[in-house]
Amino acid sequence: ASPMGLLGMLGQVLFFSRFLVQWIASEKKGKSTIPLSFWWLSIGGGLLLLIYAIWREDPVITLGQSVGLFVYVRNLVLIRRHKTAQAT
């Protein structure tokens, strides 16, 4: 596989692993939950997949990952704001 193919595969592995992390966290708590690592894995996987999509000149995946990255970062901003507000 080419280096870019490996990059795309790594992105897919990171992106998929977020579901495993979420599932395990939910099972441990006995209720549906989204751990912070879910969002970091989403950003890491999404960013690698975005690079791969741009390299492949795939507008569908490029658009999807671009919008997704915005959502993932926004969730981290909201989580940080909430924690900061609780601390004061």
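Structure summary
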read-out: Answer from Gly64, Gly68 - the residue that is over 10 Å from the mean Cα position of the chain (by Cα), open to solvent by less than 100 Å² (accessible area, probe 1.4 Å) and not aromatic (Phe, Trp, Tyr); value: Gly64
read-out: Test: residue in the stretch 21-35 that is within 11 Å of the chain's Cα centre (by Cα) and at pLDDT 95 or above; value: no
read-out: Near pairs, Cβ below 9 angstrom, 6+ apart or cross-chain, from the stretch 6-34 (surrounded by fewer than 13 Cβ atoms within 10 Å (Cβ to Cβ)) to any residue that is part of a loop (DSSP other than H, G, I, E, B) and not β-branched (Val, Ile, Thr); value: Ile24/Pro35
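The values are calculated or read from the model by the stated rules, or taken from the named source; none is laboratory data. Please read all numbers here as calculations on a predicted model, not as lab measurements. In this analysis, Cβ positions are derived from the backbone assuming ideal geometry, glycine residues included, and neighbour counts consider all displayed protein chains. For the accessible areas, the whole protein counts, side chains as well, though only heavy atoms, and no ligand, DNA or RNA atoms are used. Shrake-Rupley method; radii C 1.70, N 1.55, O 1.52, S 1.80 Å.
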